[in-house]
Each structure stands twice: as C-alpha cells, then as structure tokens.
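For reference, the structure discussed in these notes is given below.
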Amino acid sequence: MPKIDEYAAAAGDTAIEELKTISAKLRNKTILNVNSTAVGGGVAEILSRMLPMMTELGIKPRWELIKGGEDFYAVTKKFHNALHGTPQKLTAADFQLYRDTLKTNMESVNLDADIALIHDPQPAGLIEKKPAGAKWIWRCHIDLSNRQRDVWDFLRGYVSRYDAAVISAPSFSQELPVKQFQVPPSIDPLADKNRELTDTEISDIMKRLEIPADKPLITQVSRFDRLKDPLGVIEAFKKIQPYVTARLLLVGGSADDDPEGAQVLAEARAAAEGTPDIIVLCLPPTSNVEINAIQRASSIILQKSLKEGFGLTVSEALWKAKPVIAGAVGGIPLQITHKYSGILTRTIEGTAYWMKRLLHEPAYARKLGENGREHVRQNFLLTRHLRDYLLLALYLESGGRDFIHL
C-alpha cells in the first residue's frame, strides 16, 4: 500500500498536512466500519484503501461484515431499489427476515469501537446493539430523493437513533432528528484501478482480454444492474452505428450482495447478440488493472445510470482525462458540469447524440476530459474523503461543538 506522503503528487502537500494535523487529535481511537461485502461495489473498494491510511496516521481502524442468506440479500436488494425510487412489493415477512438476520449478526459481529460508520441499509439495524458511549454514523450511499415510503419509514426507525448521518449529495437529505453531513465518495489515484499505466501495459492487457483496437472504443464500466441501464446503452449505440466507426464495450462484474447481476448480464448479452461491434465482458471484482487499462484505451466513457448513489466510475474515468457521458442523476452532477467537464444526459436519444458528436469532435472531447481531471483532483480524491470522515469523528468526539481548534 502507498504511504500517505506518496499522495502529495496527486492531492497536494496541503492535503497531506491537513490529514496529519486532524488525525493527531484522534490518535489511538478505534474507528469501525460495517458493511455487507468485502468485494464488489464502491464501499468495499474505498474501505480497502482508506483503512491502511488510518493505521499509518495512528488511528485503529476495524472492518466488520454482516452475513445473511440469499433470501436476506434478495430483501435488501428490494430495499435498495425501493429507496432509489423503483417500486417494490415488500411483505411483513420481508421486514421480519431483515430483523431476524440483523439480530443474528448482533450476536457475532464485534461492535466495540469509539466511532462506527455503518454503511447503507443492510447493517443499519445493528444500532440495537450500539455500545454505551460510542458514536455511531449511518453512512448512506443511496439516492433517497425518490424513496419508497414504507421502506424508508422502516429504516428511519433505525437511522433516527444514530448520532449522525452522512449522505453523498444535498438532494439525498431526508427529514431526520439527527444532523446530516455531506461527504461525497472518492477514488484512490494510486490504486491499481487509477494509477498511471504505460502504453505497453495497456496494449498487453487489451490483447489478453481480446478487445480489438481497430476502432474507437466507447465503454461503460459498471455492475450489471438495471439501474445502470445496460440495455439503454446498447440501444443508444445501435442508433449511431450507421454514422460512426466505433465499438461498444460493456464491462463489469457482480457484488456478493447483488442477486440480480447474473440475470441482467444475460439480458445484456441477449441484446448484443448479432452485433459484432458490441462486446459484453464480465470480469472478476478484483480486475482493477484491467479496468484501468480499458478506461485508458477508450475514446469515450459512459455511465448511463437511471438512478445512482454517486457513480465512482465517472470520477475514475475523469481522472484519466476521458470524456464522460453520464446520466444526470444522483451524485453524477456533482462530478460533471455539463459541456465543461463532461456531458449529462437523460435519454437514450441524448446519449446517442453526444456519442456521435464527441467521436466527430475529438478536440472538444479532449478538453472535457482535461477539465474533468482537474475537477476530480480538487474534489474527489481519497485524501479529501478521509479528511471529511476524520473531521466528522472529531466533531462527534468533541460533543458536537461548532468550532474545533486543531
């Protein structure tokens, strides 16, 4: 793992000094993170990089996972979709299964810590076992702006008992009796998924994955999830095929807590069948260098989400100075200023128009990527993310004082 000082080249010396100053106030404090999967998805990826940094700074981080059966993850997937605004039918038995699974986890998960960050709906019910004197934060990575009322009312009963809540964008905020803080997610510029690669490394990986380099590549990197709209991406690409020479690549994997992934992957492959210039590629969740190379080899990156918590693949692509066309949903507009640091779209037709235009205007596409990289440097690197978490921990440890003297 990189050392803290190695991030100075990307984030700046001031950012590193801030981290050292703030963390000195939290030395030897135990900070616990709890979520539902160790691989797949942005939460696990961020924690795997952030926790070693905490250790280097003299903090004692821990990471616990809750466990559940397929039926539990089917219910929490319904929660996820419902909170994003996709109507779901949930029964009394579904809510009881959630309670029972969380109760079982309370008996096995070690929740001893000074401060805890409990990520998303899956482990939210652990608040029932909060140790006396600890400070607990519910960290929500989901866009709650169109949440389904019965699911939110159920979860709100747990969330209201936390010491604070963290959201990724202002529009995600809901009425709660606890203070809410905005902390957008981040990318690690030194991780395998984002570090610089040589042209030879990129070429070798593309050859190994059997992705041809004879045409400009338009790529979407995401889990195979209906909310990422892979079928809409395929439809948009088919609209421009008579007018451009290009290839579409849909690449992603699955997460342990997402039971729908295999079905959506099959749907995407069926939609692409018979179109040689559309490639659907499923990679293991550890394929970070491969994703890096694919993004760097691409002419345009898509993230045509219908709903989105944040969409870290946008910042990943912008960090590589790639032009990004993305859905104007969730936290994506925080990352993209339309026509300046990327393109925001709401329709299949709009996505098709901008793919065609950026292929025909490479200088404009290049400028979008350059502006996007600088925006990510200033706002969405791991060092800023860790700073925000440490400041929140310090705020809670201070008893909620409005001013903290470092």
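Which of the following residues is over 24 Å from Cys140 (Cα atoms) and free of Cβ contacts under 8 Å to residues at least 40 places away in the same chain: Thr14, Thr21?
Numbers: Thr21 fails: free of Cβ contacts under 8 Å to residues at least 40 places away in the same chain.
Going through Thr14, Thr21 in turn, just one is over 24 Å from Cys140 (Cα atoms) and free of Cβ contacts under 8 Å to residues at least 40 places away in the same chain: Thr14.
Test of understanding: among Ile291, Ile325, Ile300, Ile336, which residue is under 19 Å from the mean Cα position of the chain (by Cα) and within 25 Å of Glu210 (Cβ to Cβ)? Write out each step before concluding.
Numbers: Ile325 fails: within 25 Å of Glu210 (Cβ to Cβ); Ile300 fails: under 19 Å from the mean Cα position of the chain (by Cα); Ile336 fails: within 25 Å of Glu210 (Cβ to Cβ).
Exactly one of Ile291, Ile325, Ile300, Ile336 is under 19 Å from the mean Cα position of the chain (by Cα) and within 25 Å of Glu210 (Cβ to Cβ), namely Ile291.
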Of everything in the range 125-180, what is free of Cβ contacts under 8 Å to residues at least 12 places away in the same chain and either closer than 16 Å to Phe95 by Cβ or not assigned by TED's automatic domain parsing to the domain that holds Thr91 (or both)? Give them in sequence order. Arg149, Asp153, Gly157
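Could you list, in sequence order, the residues of the range 1-28 that are in a helix (DSSP H, G or I) and of a type in the set (Lys, Arg)? Outline the logic, then answer.
Of the residues in the range 1-28, the ones in a helix (DSSP H, G or I) are 4-11, 13-24.
Selection gives Lys20 alone.
Rundown of residues vs (1) in contact with a Phe, Trp or Tyr (Cβ under 8 Å, 6 or more places away or on another chain); (2) under 25 Å from Arg147 (Cα atoms); (3) modelled with pLDDT under 95, yes/no style:
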residue: Glu64; (1), (2), (3): no, no, no
residue: Asp71; (1), (2), (3): no, yes, no
residue: Ala74; (1), (2), (3): no, yes, no
residue: Lys89; (1), (2), (3): no, yes, no
residue: Ala92; (1), (2), (3): no, yes, no
residue: Leu97; (1), (2), (3): yes, yes, no
residue: Leu102; (1), (2), (3): no, yes, no
residue: Leu111; (1), (2), (3): no, no, no
residue: Leu117; (1), (2), (3): yes, yes, no
Of all residues being surrounded by 16 or more Cβ atoms within 10 Å (Cβ to Cβ) and either of a type outside the set (Val, Ile, Thr) or in contact with a Cys (Cβ under 7 Å, 6 or more places away or on another chain) (or both) in the range 196-215, which is farthest from Ala270 (Cα to Cα)? Just the residue, please. Leu197
Return yes or no: is Gly253 in the same structural domain as Val329 (by TED's automatic domain parsing) and at pLDDT below 95? yes
With respect to Val264, determine if the residue is closer than 25 Å to Phe172 by Cβ, in contact (Cβ under 8 Å) with a residue 40 or more places away in the chain, of a type in the set (Val, Ile, Thr) and in the same structural domain as Lys367 (by TED's automatic domain parsing). yes
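The values are calculated or read from the model by the stated rules, or taken from the named source; none is laboratory data. Source: prediction; values computed, not measured. Reconstructed Cβ throughout: ideal geometry from the backbone, glycine too, with neighbour counts over all protein chains shown.
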